[in-house]
1. Please give the number of the condition B:K60 fails out of (1) touching an Asp or Glu at 6+ places or on another chain (Cβ under 9 Å); (2) at pLDDT 95 or above; (3) within 14 Å of another protein chain (Cβ to nearest Cβ); (4) open to solvent by 50 Å² or more (accessible area, probe 1.4 Å).
2. Among the residues of the range A:9-30, write down those that are open to solvent by 40 Å² or more (accessible area, probe 1.4 Å) and modelled with pLDDT under 95.
3. Is one or more of the residues making up the range A:108-116 part of a loop (DSSP other than H, G, I, E, B), among the hydrophobic types (A, V, I, L, M, F, W, C) and closer than 23 Å to A:I11 by Cβ?
4. Collect the residues in the range A:226-272 that are exposed (fewer than 15 other Cβ atoms within 10 Å of the Cβ), over 30 Å from A:P56 (Cβ atoms) and in contact with a strand residue (DSSP E or B) (Cβ under 6 Å, 6 or more places away or on another chain), keeping them in residue-number order.
5. Scan the range B:9-18 for residues that are more than 13 Å from chain A (Cβ to nearest Cβ) and either touching a residue at least 12 places away in the same chain (Cβ under 8 Å) or open to solvent by less than 10 Å² (accessible area, probe 1.4 Å) (or both) and jot them down.
6. Kindly indicate which of B:T7, B:T24 is over 28 Å from A:S267 (Cβ atoms) and of a type in the set (S, T, Y).
7. Report, by residue number, each residue of the range B:19-28 that is out of contact with any Gly (no Cβ under 8 Å at 6 or more places or on another chain) and within 8 Å of chain A (Cβ to nearest Cβ).
8. Go through the range A:241-299 residue by residue and tally those that are over 26 Å from A:L211 (Cβ atoms) and within 14 Å of chain B (Cβ to nearest Cβ).
Amino acid sequence: MYHYTTFGLRIRSDIELPELGEPGREEKPDLTITFRPIPGELPEALYRGKSFQISPSQVLIRIEQVAGYLVRNGREIIIDPSHTAEMDLVRVFLLGPVIGIALHQQGFLVLHGSSVLWNHQAIIFAGASGSGKSTIAGALIRRGFPFLADDLCPLRMENNMPLLLPSIPQLKLMEDVLPELDFSPESAVRLSSVTAKYGISFAEKISAEPLPVRMIFILQSEPTEKDIRMEQLSGVEKFHALKDNTYRFPLLHYMNLTTRHFGLVTSVAKQVTVYRIIRNTGISVEKTAATVTEFLSRL
Amino acid sequence: MTIQENTFFRRNPDLLFSDMDGETVMMSIQNGEYYGLDEVGSRIWQLLENPESAETLTDKLIEEYEVTRETCLSDVMEFLNMLAEKQLIIPA
């Protein structure tokens with residue numbers, strides 16, 4: 001058994017999860033990860049897609065030639081690996097979409113974004129897949145901003161303040177951006193033999209405590225935009241920006257979580273400033289990082 | 001559905017809504033759809049805390065906005081029709 005604390009949850013796992021850092025001491029877990037056979041179907045599923053079967057209390061995720069994952073009430077993940085499964089890949093999906101679903105079930109607002117530390121607070125870069133959120137986080141890390149989270153940004157409200165939970169200390173980047181960001185090849189580990197994604201681990205977790213979130217940037221590529229500009233969002237638009245950048249938002253409906261989600265998004269939206277970063281697809285990550293850094297320095 | 005000037009409406013109770021910088025966001029618990037109201041729409045939504053008709057709303061709005069009674073009434077009728085169509089309001 002391996003024990004970890006990530007996202008503020010005590011996790012007990014049958015397998016070692018080096019991405020979560022050094023294992024800690026044994027504690028009563030909030031979330032268990034075990035290996036055993038799982039059913040092929042969820043009879044009570046309200047949604048059946050290629051990879052997901054979803055009911056309010058359980059989600060079954062099937063990744064062909066990798067594993068089936070059953071996620072129950074945010075408390076339990078059961079993994080049923082395929083015979084040919086590469087364990088590295090089993091962990092990639094476990095620590096991505098599977099744990100993302102568990103965080104939704106736990107009742108957090110899970111934003112699809114990456115985060116770095118600035119001025120004692122978490123700043124989040126959210127956006128659609130491929131919008132460059134991990135890359136911009138990587139560029140800011142190179143400029144000295146400490147890493148906080150990648151891909152999954154689970155938030156909870158405490159005393160009317162949105163807090164980002166301490167996350168998996170690993171940044172995932174596509175192979176082609178590594179040279180541009182000047183991460184040494186030794187620091188990046190290929191996540192599995194079948195992906196072009198690399199993981200960069202941060203040995204020291206920057207903060208074991210949740211950090212306040214006051215600013216969220218939404219990355220948007222816009223072919224008609226000549227350069228790069230920032231636009232502050234308010235009202236209905238701000239609400240939608242947070243809703244639409246919720247991790248796998250369309251699935252929440254079948255998990256019976258939209259009512260809770262509405263309350264979370266509206267309360268978070270009232271406490272944060274949201275900016276849209278609109279840029280031409282040709283704008284380099286360096287220029288984007290420079291624009292953001294300059295913007296922050298003027299605040 | 002065509003509404004009358006003196007038909008009283010109230011908010012559909014199966015809705016979640018929240019004020020956002022003077023605008024209103026809403027979610028229907030029944031169908032999971034999201035809606036947004038601009039500032040004037042949000043003011044009318046505020047007034048709909050108690051049952052109102054197009055007439056009673058117009059009486060209140062012409063005191064707050066620079067608009068003729070006639071224009072206001074026709075805009076309110078159009079707005080209430082839209083709300084009623086989407087079942088955001090129901091006859092009181």
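The values are calculated or read from the model by the stated rules, or taken from the named source; none is laboratory data. Because the structure is a prediction, the values reported are computed rather than measured. Every residue, glycine among them, receives a Cβ derived from its backbone with ideal geometry; neighbour counts consider all protein chains shown. Protein only, heavy atoms only, side chains kept; ligands, DNA and RNA dropped before computing areas. Shrake-Rupley method; radii C 1.70, N 1.55, O 1.52, S 1.80 Å.
1. With (1) touching an Asp or Glu at 6+ places or on another chain (Cβ under 9 Å); (2) at pLDDT 95 or above; (3) within 14 Å of another protein chain (Cβ to nearest Cβ); (4) open to solvent by 50 Å² or more (accessible area, probe 1.4 Å) applied to B:K60, the lone miss is (3).
2. Taking the range A:9-30 first, the residues open to solvent by 40 Å² or more (accessible area, probe 1.4 Å) are A:10, A:12, A:14, A:16, A:18, A:22-28.
Within the range A:9-30, A:P18, A:E22, A:P23, A:G24, A:R25, A:E26, A:E27 meet the criteria.
3. There is at least one residue in the range A:108-116 that is part of a loop (DSSP other than H, G, I, E, B), among the hydrophobic types (A, V, I, L, M, F, W, C) and closer than 23 Å to A:I11 by Cβ.
4. A:R229, A:M230, A:E231, A:Q232
5. B:F9, B:R10, B:R11, B:N12
6. Working: B:T24 fails: over 28 Å from A:S267 (Cβ atoms).
Only one candidate qualifies: B:T7.
7. B:M27
8. 8
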